[in-house]
Each structure stands twice: as structure tokens, then as C-alpha cells.
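Notes follow the structure.
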Amino acid sequence: MYKRFLKIFGIMAIFSMVLTAGQTGKITGKVLDKETGNPLPGVNVLLEGTSMGAATDANGEFYVMEVPPGLYNVQFSFIGFTSLNISNVRSTVDLTTNMGTINLEPEVIEGEAISVTAEKPLIEVNATNEVRVVRSEDIKNLPLRGVTNVVALQTSVVDDEGSLHIRGGRSEEVAYYTDGVTSTDPYSLTKRGSIPNISIEEVSIQAGGFGAEYGSAGSGIVNTTTKTGGNKLSVTSELISDIGDTAPSEDRHKLYSYGYKLASFGLGGPIPVMDFIKFYGAVETINEDDSPAGGSFPIIDRSKLNSANGLPNNGEAFVDDNGNTIWDAGESYTDSDGSGSYTAPNYLLLGDDDIKFVYGPRADNWYERLNANWNVLIDLEALIPFAWRIKVGGALFNNHSSNYSHSRSLFTYYNDASTMDGAGTTGSLKHRYSQSESDMSTFYTRLSGNIPGFDKMFFNVQYSRGSIKDNSYDPVTKDGYGKYVYEDGSLSTGEVPYIQGGKYYDLSGTPEWVYIDESGNEVTTDYWDYSGESGTFDRINYDTTWVNPLYRGVNLSPVTKVELANYSVAGVNSGYSGVYKAEKLRDEVKANLLWQFGKHELKAGGAYEKGTIRSYSVSGGSVARYFHHNRPYSESSDRWEWDPDYNDGAGALVAGGDGVPDFKQDPSDTYNGTDYAGYWDDYLFQAYKAAYANNVGYDVTGGPESSSLMQDINKARTPIIMAGYFQDKYETDDLILNVGLRYDYIDPANKVFNPLTGGNSNIVINSEGYLAETVYYNDINGDNTADPSEYTSAIPTDDDQTGLVHQVAVKPSKQISPRIGIGFPITDRTAFHATYGKYLQPARWDNLYISWNRFLSNIQQGNYTRSNNPELQPTKTTEYEIGFKQLVTNDISIDMTLFYTEKKDFIQIRNIAASPTGYALYSNGDFSTNKGLAFSLRTRRLGNTKIDANYTLSYAGGTGSNADTGYRIAWLGGNDPTFTSPLTFDQRHTASFIIDYRTGNKGLIKLFGANMLFRYGSGMKYTPSKPRTAIFGGQLSDQPVAALNSGIMPATFNADLRLDKTFMLNNVAVGVFCVVNNVFNTQMVTDVYNYSGLPDNDGYLTTQAGQNWVNDYAIGSETFGEQLYNSRIAYPTNYASARHVQIGVRVDF
């Protein structure tokens, strides 16, 4: 038998390369003769409505393996004994459901059967680590929705404004799975997407201590399992809407509506006529018109603004000849103030009453969301002589949002009829916030079943594919394709991307010279006509199309409007010129082998995953500036020279004095008169590189890899992650031993600088501005030895004609990680557990991958930048855990766990001393230690009431809270911290308390329920510093007045409520419900300023400089100036959301 096992294991090892989450559990027990107490071998054990089951062995024991999570009716039958049906038996992912001892009675009446209902277990006796499982019936009753909110309620979890930290780890150390397929974005290592709430079967949370089958996680595993079709057709539908006032006001306690609408529909069951095929699918749409805010925010009276361009409507009247909505030189106007010049609209002329400070919905901050999931389960035993199953499924998520920007919330508007081709005037004013689109999809197919000829041996093979596409852009210019002007003043016929976001007009024809003759009349001549002009030069008339009337112009930086507390204003670079897009693909094959060998549950397996990463970002404004100041040469242009003195200093392109066109070409041009295509490619490369293009998997302009501009070193990255593991879970009545060994292999498939040529401390750039492919040394010290630092030339030297490659492949990371878990079920009411394990967390890809063009820009252009590092190593965690579970009574349980973790090789930003210049690089270096205690209390329903209470005491310390914690240290050239301090998310105390009340089908009000959720969190940490302005700048770093992160923010307390009533109409359950979030409308602080410890005050106005600003610069009265400044620093997001009331209806049948 062992030889056969080793043979099978050897075959599976071929697959073994990061296995993702488990998807099934196990149901076990022991069957005895009730009269004699002897074991009954050969008893048939069947899960009703499925082909899953087992027969008891000689000891009366049975093991039903590979059971998907959910509730089952378990049937026991044996000749001569009364059949027994036990309902409500729960299978849980990665856990064993031990039904204990089952007693069968001798049959008295033929065909008689006994039915009983199993009680929900309060403690998971067979778990060797801290595991929390929240099931569909409990999720349905909560006043919260979504997996993230469910996880945030559990022990050992800190919710930092939606980012979850488990046991003091960084948020990227949590791995999320849905139906065994990762739902983590590999680029940022954050959870992405969502699934319909009605489709969730259970959410399993492992706060550390997880087994060897799990990888790519350092803190926790969140495994969501969706529903599958049952034996009967089932339908669920929900409709939800919020209620309240839709207009913001100065009343914080008013009930507001944010335009929230949700609709969901789920359908599942067997395929008619083919009941061996079951399906389930659900779809959910959520729309929100305006976002809620816990704090106040300013709004302007829009009647004071020009509806065409968002500028103040207080300038002098004028005739808009060119239709660009703003006055230009030469256009007639009414000089109403007698100043002799045009008086433009001015924000400083707005009065105190034109701006209000309000609460409620934040306009134009909306989202439209669609999510769906589906699966089809085929029981192949109906078609082939094997107990095999195949499951096919997937998920879809689409989100389109307008993203709030506090600095743009007051004055920055645009007319939404505008496009990148011109300004519109027929629409309405909207805030000019950036917009984002995300599309995500997953697909998987899984084959599982028993291995013929082997008792209690099962296999599982799965292929999955995941895709994430992101796009962020300005709502007007979007991808910004536009024309450009050549050196000779002619307009291009072709277009380039992203340029429109950085300019405010396009030339659409040939300019004209305008002169004033002796009679005072205007005389115009063609731009290229230099003969016979007379009169006095007045101006040049450009025939233009206005694409961005709210942009001041190429190469004009924003004017500092300190009078307006630095709110962005229309007309001052108000377009978002930065763009971002990305595509992340994952293909994964995984397999495992499971064998119940006596008391041993042996599991071996692995997976192979290959990613494909493409990302692109650029500054459209910088693209436009480059084209403006370094105009390209046109292959078909006339060659003229520029005469700066022509037309009274206006300048012009004129023929040379010898009558021969001798156009003086821009010295920066590389065109040699023969290869224009090569010249143009090089020009585009230089233009977009200067605009900080970061192109991975796209060419430098954001085009496809097939482009002639594509460089091999910037092609899509294709990281490979492999792992193999073996795990033995030994289970007896008084001991559970879970021992595993995991091997991880992570290959970023990236290039790094050759250590033999100086590594990342020696960067060699060729004369064309590209990274040198081969580098050569100069024997600078004369020792006839090629030292790494001497490889400084991009061309052969007298000392070196061969050279070395500048970049080599990065070395993959490898680690063997032992995992040990021990459980001591002392009785069926008490169990102790302890775990030890080592874990590996791959680096975030957004810290790992960089375009080499962007890298060159970072080190060449002199600004402070941060570069990604292709040599980043995984973060390593060592964890210890010990705890116990106790049934205090049959209806009350407690669970207590102590934990301690050590983490090293976290990512931090660090300065690199390099040639030709130093730069800041993401590097491994941060470390942390975390310790704490997790306590929970749970009850069964005591009468009509059930209680679930959680509390965690945690100490999270380290040298950095995230990869960018030390960016100011790097900027100013300081020393990296080497001692631990509290981390910013070190929330010492967290607690949640849930009271769920259900009348059931009894009492005066039948089928009524109420769920009250209380949450408490002690204050997060910050570093107290001297007061300074958080808006006007002028200071590169804070000046601490106390120890690092020694300040404590205010604690938070919140209450949420759900009330529901169900009506039964035949077999249809119609439920109506009301959800109230933040019942008491508590203003909970989520962020503060280091300078004051307050969310709405940076302390600046208490300083002399602040008082000078109020007295000398602030718009309006002193009181209004203070209000305006405080509103600018009081981000609404510094507070948690205000009270929100939703009503809904749910139908089940």
C-alpha cells in the first residue's frame, strides 16, 4: 500500500509547484450498536442529495472526504437496524466535523426511520489554530455587507479605514480567496472586487497558524466559499435603497440620502431532467450618486459661477469670438469699471455668503458597480463508473467611479458637455474629479474525486485564470489624443496620446499676421506671406480649437492662491494630466492528493502560477510641455530660420538673406535627413521619457508591445510562483497533530544590474539616453584588474574591448517552511491548541517592477523620486500561537488565543549611493514584532437571543508601518530607523459585540428579527510634532516633539442596527428590513494631523505665521478666512461615515 501511495505522490509532485485555498471539509464519526455498544462495520453513510458518502470500517468509524461547505442531511442505514437521518450537519472548509458517536437501534418496525437535528458547534475542536467561520445565515442577519466588513469584526483584526491588518501585519500580508481562486491584486496585494452578498455560503478567517497548503501570506487567510445549487430550484432577490434628504446642509444630525441603490438576484438548483448537474448564479448592481461624509465640507453657490467653464461670473461682459468661454486679447468687452483694461473673473471677489460649510452628500463622487458569480457542478458518477465531480465557475466585477478630491471640491468645475476635442457649453457644471474604471474576472475548472483502487484516497486538479484591468483618467481629456505643432509652425496631421491633458488649444489652420494701417484699420496677411506688409504689427491671429478652457497654458504652473487656502480653482491647470492603466493576468494549475490512512489525513500537492503584468502611467502635462519647447522636425516642412527681431520683436520664420531656405534645425533633434522614422521614434521616446512614462508591457507612449517603440527590457513581466507541500494531520479523540512542510519558489522574471559591473550602485547610460546593454571598464586605478566600479563606459575602451552585460536575470527566492499545529481535545467541551510556523510573503509587484525608461527619468531629471526594485525579496514571518476553547455550558463557549510574530525583510524606501547620481530605492529592511491576546465568547440561541463577542489586545511595533514610512528620511538623506516603535495601525484594543434576536415561528410577532452590532477601537498612533501648515508647504519634514508614534488618536465607538420581518406567502418568504449604520451618528475620527492631534486643525492658525495669513491674505473676513482654512484641512474622510439608513425587501423561494 505504501508503494502505491509513493507512486501516486510522485506523480502529483510533478504538479507541485503556490497552492491556493482549500475548498472542502471532512465529516467523521463512529457508529455503534446502541444495545451492545459494539462498533458496526459496513454501515452506509450518505449525504442526502449527493453521491458523497462512506462505509464504516471494522472499528465503526467513517470518513466522508472532500465535502464542500454547507449544511447536509446525513443518512445512516444498516440491515437489521433502524435508519437514522441527522440534519443540519455543517461542513467547513479545512476543518473536520466530528459527529461523535452515532448509536443505531435494532429495527423493530421494518422501514422505520428516526430523524434528529444536529446542533451547530460552538467550538471547532479539531482546529489547531485560531479559526473563525461566519456562515450565510449569520451574514444575512448582520447590519453590514461584504466580506471585508465581516472579516473586520473578528478577533486579531484591525480595520484601518478599510485596510485590514491581522495580528499586527501590514495589509498586504492577508491572502483572499473565493472558491479557491485568489481575489488578491498581485500588484498591490490588496483585496479586489466583490461578490453578491446573497451568494456567500461561508467566510473562513485564519488569523495565522495556517497549514502548509497555504502560501503567499504572512498574516492571515480569508477564504470565501459561494453557494452551489441544491436539490430544488431556489431563488433569492434583494432590493435596497437609502432614505433621507438629498441636499447637503449645515445640520450634521439630519438624515441624508446618498442615492444608494442595490439590486441582486440569485438562482440555483438542478438542471431539469439532468439532476446530476447543479448550477448557481448571482448578480448584484450597486449605484451611489454621492458619497457620505462624516465631517463637514465647503460648497459654493453655483449661481455665482459661469455655467460654461466654472469660473466666477463676476468679470466684465465680452464678445467671445473664438468660443473658448474666456476673454482673449482682441475681443471686445464692456469696460464697466472704467479701468481701461478688461477685468477678468476673480475668486477673490466672492463674498463670505457665497461659500457654506455643510454635511451630507458630496456631489459628483459616485460609483456604479456590477458583480456576479456562477458555478456548475456535474456529478460524473452518473456518466462514468467513478465517483468524480467537475465544477466550473467564475466571477465578474466591474466598477466605474468618480473619485473625490478635497482640494478640488470647492472651485474646480467643468461643463460636462466638454470633450477632449473642445469645450462644451450645453451641459451642467460638475466637479472635475478623476474617474476610474476597473474590470475583473476569474474562471476556474476543477476535477475531483476518489482514486480507483485506493480506499479513502482522493485527488483534486484545478485550472484557474484571473484578469484585472484598471484605467484612471481625466473626465474630459481621457486618453488625450491630439495634434502638435512642428518647428516650422505647421500643424501635424497625426496625433499622439495624452497630449490634450496638458494644453488648452489646438491650432486648426494657418495663422494670420494682423497689422494696423494708417487709417487705423486692421490688415491681415497669410502667415507665410512676407512681402508687401505695411502698417504697424498688432498681433497674430491663431485659428484655434479650444480643448481645455480650464487650463492656463503649456508650461504655466499653478498660481498659488494662498488667499483661497490653496483650493484648486478652474483656470489653473484644473485638468488631471496624469493617466494610469494596467492589466494583470494570472494563470494557475494546482493539484493535491488526499488520503485518509488510518488516523492520518495525508495531503500532498502544489501549484504552478504564471503572471503577466502590464502597467503604464505618464504626465500628459509634461508631454505637452516637451512638444511645446522641443518642437519636432517635419519631414515635409520648408526650411526657414527664425528671425527674433521681425515684426517689432514678435519674431517670424523668414527666408535667409541669400534667398536659399536654410532652416536652422533644433540642436536637440537627431534627424539626419535620411531616416525620419528612426528620428520620430527617438523623439517620442525622449518626449515621453521626459514626462516620466512608466511603461511595463506597453511602449513608451502607452501603445502595444508590437509597436516599433517597444524595447525588450520593458516588455510585460511574467513572474512565476511555484510551491509544493506535504501535510499530515493525525486525529484521535485526545490528540490532533498537524505537521507540514512547504517549499516556495518565487521568480520575478526580472532583470537586475549585474553585480560584476557594480550592481545598482553603478548605472551606465549611453549617448542616446538609453540604458547601456553592454558596459566596459576603464582601469582607473591602474591595477590591471576590472573592478566593478570601473565599468563606466557604454562603448569599448582601450582597456576593455569585450565588456559585460549590464543586466542579468534576478535570482529566484526559495524557502522551506515548517508548519506545526497541535490540538488537545481534553474532552468534547475543552480543547487546547498550539502552532508554530514560518511563512513567506512575495513582494508587491508595484514595488518590484519598473520601466527602465522611468528609472532613467528618476535618476536624470533631478527631482526626488522613488524607484521600484527588481531585487526585492519576500517578507519572512515566524509565528507562535497557543490557546484554548471551552464550552462553559452547553450553550456558551469561550475561546482565548495568545500569539507572537516576528517579521523581517519588509519593504522600505532607502537611499542608494550610486553613479552617476544617488537615488531612492525600495529595499528590504524593515522589521516588526507583534504580540497579543484574542478572546471570543459565543452562545447558541438562548431563548430568542444569540450573542457573539470578540476582543483583541494587540501590540504592533516595528521600524516602519509601510514601504513609504521613511520617504522623508530618504529625501533629506537621514538615517534609517533601527529600533522598533508602535506602528500607525497599532490599535491596542478592539472589540465587537453582536446581539441577534429572532422570534422564529412563535410569539406575537412571528419571523421578526433584530441584530445590534457594537464596535469599539482604541486610538491609532501618530507622532506629535510642532504646529505647521499642512497646506502652504515650505517645510520638508515634521519636527517631532515626542517619541515616534507615541500620540494616540481618539477612540472610536459605533453601533449598527438591522430590523427585519418576514411574511410567508405559501412557500415564498418575503422579508422587509431596515438597516441603520452609525445609529447614534457618532463623529468618529479616523485620521489626525501630527501637529495638533486633531482631525480638523493643524495648529497653524495658532502660530504667528497663521495669524498673519488670516489678517493679511485670507479672502473675506477674518472669521471667514479661518473657516475656509479649517475646511481645507478638515478632510471629510478624516471621519468615519455619518448615519445612513437603508430600507429593503428580500424574496426567497
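See the values below:
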item	result
Selection of GluC sites (Glu not before Pro), the range 149-215, meeting DSSP coil and at most 12 other Cβ within 10 Å	GLU161
The range 255-309-the range 786-850 distance, computed between alpha-carbon centres (Å)	42 Å
For THR96, net neighbour charge (Lys/Arg +1, Asp/Glu -1) across residues whose Cβ lies under 11 Å away	-2
Least to most buried among ILE720, ILE79, ILE795, ILE969 (fewest other Cβ within 10 Å first)	ILE79, ILE795, ILE720, ILE969
Cα-Cα separations in the chain greater than 53 Å, expressed as whole percent	31 percent
Positive minus negative residues near ASP328 (Lys, Arg vs Asp, Glu; Cβ under 12 Å)	-2
Among ILE166, GLY703, SER619 - extreme Cα towards positive end, dipole of the chain, charges at beta-carbon	ILE166
Total charge dipole magnitude, the chain, about the Cα centre, Cβ charges on Lys, Arg, Asp, Glu only, Debye to nearest 20	6260 debye
Using alpha carbons only: equivalent-ellipsoid semi-axes of the range 1070-1137, gyration tensor based, whole Å	36, 14, 7
Cross-link pairs LYS590/LYS903; LYS304/LYS469; LYS191/LYS478; LYS603/LYS814; LYS140/LYS885; LYS581/LYS610 - those with Cα-Cα distance over 30 Å	LYS304/LYS469
GLU201 long-range amide H proximity, modeled H, under 5 Å	THR225, THR226, LYS227
Cross-link partners of LYS34 among aspartates and glutamates (Cα-Cα below 14 Å; sequence separation of 8 or more within a chain)	GLU105, GLU107
Separation between Cα centres of the range 1087-1149 and the range 382-396, rounded to whole Å	56 Å
Using θ = phi - 60° and Karplus 6.51 cos²θ - 1.76 cosθ + 1.60, couplings along the range 679-690 (whole Hz; Gly, Pro as x)	4, 5, 4, 5, 4, 4, 4, 5, 5, 7, 5, 5
For the chain, calculated [θ]222 nm from helices alone, where every DSSP H run of n ≥ 4 adds -39500 (n - 2.57)	-2500 deg cm²/dmol
In the range 944-979, chymotrypsin sites (Phe, Trp or Tyr not before Pro) in a DSSP loop with at most 16 other beta-carbon atoms within 10 Å	PHE979
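Only the coordinates and a few stated rules stand behind these numbers; no lab work does. Predicted model, so just to flag it, every value in this text is computed and none were measured. FYI the Cβ positions are ideal-geometry reconstructions off the backbone, even for glycines, and counts take in every protein chain you see.
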